[in-house]
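The values are calculated or read from the model by the stated rules, or taken from the named source; none is laboratory data. A quick note: this is a predicted structure, and the numbers were derived from the prediction, not measured. Because the Cβ atoms are built from the backbone with ideal geometry, glycine has one as well, and the counts that use them run over all protein chains shown. Heavy atoms of the whole protein, side chains included, go into the accessibility calculation; ligands, DNA and RNA do not. Shrake-Rupley method; radii C 1.70, N 1.55, O 1.52, S 1.80 Å.
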Amino acid sequence: VPDVLIDRLRERAWRLTPQRRAIAEALAGEHVHLTAEEVLAAAKRVVPEVSLATVYNTLGELVAMDEVAEVRIAGSSSVRYDPNTRQVHHHLVCRGCGLIFDVHPTGVDNLVLARHERFGMRVATVQVTFVGLCSACAESRHP
Ligand SMILES: [Zn+2]
Ligand SMILES: [Zn+2]
């Protein structure tokens, strides 16, 4: 299976209109975690008439197809859209500027939640977020 979202969608014979293509192509590359507004801005550079409603509809469809994941980072109110759904990963976030990297920490598979802390839930996935300060933010705070 190809790693690039647009290629995966082509393989699935997803209906590609110019607007939908521009939205899917906005979610290309590595470490991509865009808000709907950021997807809209990128898509507009290709197809100026694309609307936020179309962006939300398309992203919702891609999430339902499991081709894009919704990511919620603690401390940030906006949902971000992540095209890296083929590889289990976690996130490293800069608390200064919000930069997000996909990371693959060791030990996550061994995380155990004691029965009394599951509160009756069946745990489906584990999402680990590492929070830190990127070098640019660290430098601007301590020049
Ligand atoms: Zn930063
Ligand atoms: Zn990610």
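For segment 22-32, a residue qualifies if it is open to solvent by 80 Å² or more (accessible area, probe 1.4 Å) and in contact with a helix residue (DSSP H, G or I) (Cβ under 7 Å, 6 or more places away or on another chain), and exactly one does: Glu25. With respect to the conditions (1) more than 16 Å from ligand 1 (Cβ to nearest atom); (2) more than 14 Å from the chain's Cα centre (by Cα); (3) within 30 Å of His142 (Cα to Cα), Glu61 lacks only one, and its number is (3). For beta carbons closer than 6 Å, sequence separation of 6+ or different chains, a first residue in segment 81-110 that is touching a residue at least 40 places away in the same chain (Cβ under 8 Å) and a second that is in a loop (DSSP other than H, G, I, E, B) and open to solvent by 70 Å² or more (accessible area, probe 1.4 Å), the qualifying pairs are Phe101/His31; Asp102/His31. Within segment 85-100, the set of residues being within 13 Å of the chain's Cα centre (by Cα), open to solvent by 40 Å² or more (accessible area, probe 1.4 Å) and at pLDDT below 95 comprises Arg86, Gln87, Val88, Leu99. Considering segment 111-143, the residues that are more than 16 Å from ligand 1 (Cβ to nearest atom) and either touching a residue at least 12 places away in the same chain (Cβ under 8 Å) or basic (Lys, Arg) (or both) include one that is most open to solvent (accessible area, probe 1.4 Å), namely Arg122. Might you let me know whether segment 60-73 holds any residue that is open to solvent by less than 40 Å² (accessible area, probe 1.4 Å), out of contact with any Pro (no Cβ under 9 Å at 6 or more places or on another chain) and more than 18 Å from Gln19 (Cβ to Cβ)? Within segment 60-73 (the criterion being open to solvent by less than 40 Å² (accessible area, probe 1.4 Å), out of contact with any Pro (no Cβ under 9 Å at 6 or more places or on another chain) and more than 18 Å from Gln19 (Cβ to Cβ)), the answer is yes, since at least one residue qualifies. The requirement of being in contact with a Pro (Cβ under 7 Å, 6 or more places away or on another chain), open to solvent by less than 60 Å² (accessible area, probe 1.4 Å) and not in a loop (DSSP other than H, G, I, E, B) is satisfied by Arg8.
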